[in-house]
Amino acid sequence: MILAWLIIIMMIGGLLAWLAGKWNVLMCRWIALITLIIDFIIIIAIWVSNPGNIEISQKPEWLIEFTTSWIPQFGIDFHLALDGLNLILVSLTIFLGIISVITSWTEITEHAGFFHFNILWILAGITGVFLSLDLFLFYFFWEVMLIPMYFLIGIWGHENRVYAAFKFLIFTQASGLLMFLSILALYFIHGKATGVYTFDYLQLLGTSLSTSESFILMCGFLIAFLVKLPAVPFHPWLPDAHTEAPTAGSVILAGLLLKTGAYGILRYALPLFPQSAIAVSPYAMVFGAIGILYGAKLAFAQTDFKRLVAYTSVSHMGFILLGTFAGNALALQGVVVQMLAHGISTGALFVIAGSIQERIHTRDMTQMGGLWQEVPGMAGAGLLFSLASLGLPGLGNFVAEFLILAGSYQVSIGLTIFAASGLIASTLYSLMIMQKVFYGKKKKVWNIKDLGVREMIMMGAMIVVIVWLGVFPQTFLNTARSSVNNILQHFTSRNTKVETGSVDKNNLFQKINFINMIDEKRSNSMILTGHEKIILRREH
């Protein structure tokens, strides 16, 4: 029940915070914070007690699994499971949840109880998405996390909050409906073929689908995940939602909600529909590379601080799309690190943007300048996270982007070079943040306070994590390795066989998966040798 309690504790804490907010605003803040600290202690205790099992497991086994019947007449179970991948993501969820509560401590003054109720229920929904192994349950939590976010933007947002909230809801609900239709279709196809009607992920993995069925159903899943990621051209909702949301909403959007899209592709789209996923891989990688440069270009053109950071997310999510569909362990390990690094670095930049707006009541960078003298602590943190965003070695984003590019290089040298040019663009917009906000001439004389003790503790914790990711990434790579290999096993086993003769010599991606499988049997590293890469390029 420990996995269920992670979700239940947040839901109960949200209800208590809502009730307490009617009498005492400070009490509802403390209830929300203590609730998340309890969950954080639980998830870290699980991580510390299972490091060996996570690292050495090569079978699709779960560290913790909980199943109970929910709606048996329709084959719906309350099925939760934890492995290395979602252990990392659940830890990130709770950590950024704590950051969101702390950063809202003085910002939110109206309806504070209902605000913290929405925060905790969003986090409960996200945690449920990461842990669910029943597709109906997965969709249930997918919807649970959307409605509170709509309220968060629509009630506590800024000038155009109602427009941004509706835009967010329409994009995510419409794409989510396509996914639900695909889930129902998969449910009936599996039931008709086997006589067992179930939404259980592990049973649906083996469903036999025709080429057209597989492609249509995968599109339903993939569109929902690409909208949430978001990938170009499904991204228009994101800048408005980020810009208008309160600081906590922006942190959760960038750090967590976008990661549910990436997680959905890794956990569902690739293993459930491997043949169709391989077919669309070249196009997905192209759109990922385009997104890297397109997002960076639009970020450089912004004068609104939060809108600039929002477009950097579009650029960074392009790396995730590129690495996910590269289809090898090196790139997927980079994707996992990128989800973590982006959540921390971009979340921190939104916290800084929110802190500045709270102090000077504007997000317009043309009105800023020279703030380093006024708020050196905030400026120092802004410099570090701007450098992380551009991929400075020693910080987490560099490790992630290096692994993704190294993995995509095995598939397409041209796309990798094109995507790598996005690092130059990211340098431009990151330095522009520092120049326009903290350096340069003062546009006005500001009399503002630097980061307080509460904000320094929050920033310090995020700095520790981003540096840890950059200096000791093996902590997280070891945790995710078994999960990545298991995803690749499902992805490749239904498309290739060990015998050379069974591989389609005209399909580059099948050949990559085939050689990776041979390499896994030889050394368990699932990385191509130099000789194999030369042969592969010549054949291509």
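Suppose accessible area is computed on protein heavy atoms with a 1.4 Å probe; arrange Val467, Val48, Val399, Val445 from highest to lowest.
Details: Val467 50, Val48 105, Val399 20, Val445 135 Å².
Largest to smallest exposure gives the sequence Val445, Val48, Val467, Val399.
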Original post:
At a probe radius of 1.4 Å, what is the per-residue accessible area of Phe151, in Å² to the nearest 10?
Top reply: 80 Å²
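Can I get the semi-axes of the stretch 202-255's equivalent ellipsoid? Compute them from the C-alpha gyration tensor as square roots of 5 times the eigenvalues, in angstrom, largest first.
On the way: eigenvalues 215, 37, 6 Å².
Three semi-axes, in Å: 33, 14, 5.
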**OP:** Kindly report the accessible area of the chain per residue (heavy atoms of protein chains, probe 1.4 Å, no ligands, DNA or RNA), in Å².
**Re:** 37 Å²
Original post:
For the stretch 170-229, what does the alpha-carbon gyration tensor say about shape, rounded, prolate or oblate, given a ≥ b ≥ c as the root eigenvalues, a/c under 1.5 as rounded, and a/b over b/c as prolate?
Top reply: prolate
Subject >> 222 nm mean residue ellipticity, helices alone, for the chain (DSSP H n ≥ 4; -39,500 (n - 2.57); rounded to 500) >> reply: -23500 deg cm²/dmol
Original post:
How would Asp364, Asp240 rank on accessible area, largest to smallest, probe 1.4 Å?
Top reply: Asp364, Asp240
Original post:
What percent do you get for the relative contact order of the chain when only Cα pairs under 8 Å and 6+ apart count?
Top reply: 15 percent
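When a/c reaches 1.5 or more, the comparison of a/b and b/c decides; with that in mind, is the stretch 281-412 rounded, prolate or oblate per its Cα gyration tensor? List each step's numbers first, then the result.
Values: a/c = 3.13, a/b = 2.00, b/c = 1.57.
Prolate, because a/c is 1.5 or more and a/b exceeds b/c.
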**OP:** Please report the base-10 log of the normalised intensity I(q)/I(0) for the stretch 120-252, using a Debye sum with one equal scatterer per alpha carbon and no solvent, at each q in 0.14 (1/Å).
**Re:** -0.67
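For the chain, what % of the accessible area comes from carbon and sulfur atoms, probe 1.4 Å?
Details: 13260 of 19720 Å².
Accessible surface attributable to carbon and sulfur in the chain totals 67 percent.
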**OP:** Can you give me the three principal axis dimensions of the chain from its C-alpha atoms, in Å, biggest first?
**Re:** 73, 54, 43
Original post:
For the stretch 186-340, what is the convex hull volume of the alpha-carbon atoms per residue, in Å³?
Top reply: 112 Å³
Subject >> Centre separation in Å (Cα based) which lies between the stretch 186-212 and the stretch 440-492 >> reply: 39 Å
Original post:
If one computes the Cα centroid of the stretch 129-143 and of the stretch 308-326, what distance in Å separates the two points?
Top reply: 24 Å
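The values are calculated or read from the model by the stated rules, or taken from the named source; none is laboratory data. Everything numeric here is computed off the predicted structure, so don't read it as measured data. In case anyone asks, the SASA skips ligands and DNA or RNA and just uses the protein heavy atoms, side chains included. Shrake-Rupley method; radii C 1.70, N 1.55, O 1.52, S 1.80 Å.
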